[in-house]
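To start, the structure itself, in structure tokens.
The values are calculated or read from the model by the stated rules, or taken from the named source; none is laboratory data. On a predicted model such as this, the values are computed, not experimentally measured, just so you know. Cβ: placed from backbone, ideal geometry, glycine included. Neighbour counts: every protein chain shown. For accessibility, only protein heavy atoms count, side chains too; no ligands or nucleic acids. Shrake-Rupley method; radii C 1.70, N 1.55, O 1.52, S 1.80 Å.
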Amino acid sequence: MYLLLPPDKEGRMAILRGFDGLGAHLSSVGRQDLTRITRASAFLAYKDLQLVANQPWSTVDDFIERLDEAPRSVSFYSYINRFGESLSENRVSLFNGPRAELVGLIRLAYDAWDGGPGSWIDVAKRHPSGKAFAIAIMRDLIMKFDVQSKKALSEDLTKAGIQNDIVDM
């Protein structure tokens, strides 16, 4: 079973622009605020975005804060249970779970938080959803991968254009 991943940053912006009244606001904000909106909305699906868009907000900063704090429908810790047979084992294998889906999830994170100074993981950790992603996926799951799994995932991510140092984790 594979989960439907939430939209990427272009998809999220298209969804937000489609909500009544919000499109006009988004076309008047600068590039820096648009970047902040795409980062704050990472891993939000249509219904999540709709809930935030329908809430009253007074400034772009207020809207971004609401996006950042909105609950996500993606449960990062569900991925830990989907790889490996037992969490009591010290190592799990990339080959025992939804490998392509995990790469897609990491791609969404990279898409949202890449750019600017510092690593994309450091940028992610500045956002509640990014911090949850970094802990559940990067620390608690990938750190338990065996060496062969880390190499394979690193190759998959490199093919997807994602800078990574997973082999060194």
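Structure notes:
- Test: residue in the stretch 3-15 that is open to solvent by less than 20 Å² (accessible area, probe 1.4 Å), touching a Gly at 6+ places or on another chain (Cβ under 6 Å), at pLDDT below 90 and of a type outside the set (D, E): no
- Scanning the stretch 38-62 for residues that are more than 11 Å from the chain's Cα centre (by Cα), within 20 Å of D8 (Cβ to Cβ) and of a type in the set (F, W, Y) turns up just one, Y46.
- Qualifying residue in the stretch 104-115 (condition: under 17 Å from T38 (Cβ atoms), within 18 Å of the chain's Cα centre (by Cα), modelled with pLDDT under 85 and open to solvent by 50 Å² or more (accessible area, probe 1.4 Å)): yes
- Pairs are defined by a Cβ separation below 7 Å, a sequence spacing of at least 6 or placement on different chains, a first member in the stretch 89-103 that is closer than 8 Å to S149 by Cβ and at pLDDT below 80, and a second member that is open to solvent by less than 10 Å² (accessible area, probe 1.4 Å) and among the small types (G, A, S); the pairs so defined are S93/S149.
- Some residue of the stretch 32-51 being polar (S, T, N, Q), surrounded by 12 or more Cβ atoms within 10 Å (Cβ to Cβ) and more than 19 Å from L108 (Cα to Cα): yes
- Checked against the criteria, I37 counts as in a helix (DSSP H, G or I), under 18 Å from V123 (Cβ atoms) and touching a residue at least 12 places away in the same chain (Cβ under 8 Å).
- Hits in the stretch 153-169 - residues which are surrounded by fewer than 18 Cβ atoms within 10 Å (Cβ to Cβ), touching a helix residue (DSSP H, G or I) at 6+ places or on another chain (Cβ under 7 Å) and part of a helix (DSSP H, G or I): V167
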